[in-house]
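Read the figures in this text as sums done on the coordinates, not as results from a lab. The structure presented is a predicted model; accordingly, all values stated were derived computationally and were not measured.
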Amino acid sequence: MRSEAKAVLPDLPEFLTVGEVAALLRLGRSTAYELIRRGEIPSFRVGRHIRIPRRELERLAAGKGTGRDK
């Protein structure tokens, strides 16, 4: 399954910025920040910077969701 998702997101860095994720998902940056705030796109902070693990985008692309129950 992981190889299927990687085919959708080839050659991406291991961690992406909010701007990179917004561009990949064809969202505005404000929408991307809102999805991150709500936990729909898992992320973490490095100082003041937000990073999104590529594996989380691969999981979303594969239709697995975030793994978080609401």
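Quick look at the values:
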| quantity | calculated |
| --- | --- |
| Residues whose placed amide H lies under 5 Å from that of PHE15, excluding near-sequence neighbours | ARG54 |
| Whole-Hz couplings from phi, Karplus 6.51/-1.76/1.60, listed for the range 17-30; x for Gly and Pro | 7, 4, x, 5, 5, 4, 5, 4, 8, 6, 10, x, 4, 4 |
| Per residue Cα convex hull volume in Å³ - calculated over the range 2-61 | 74 |
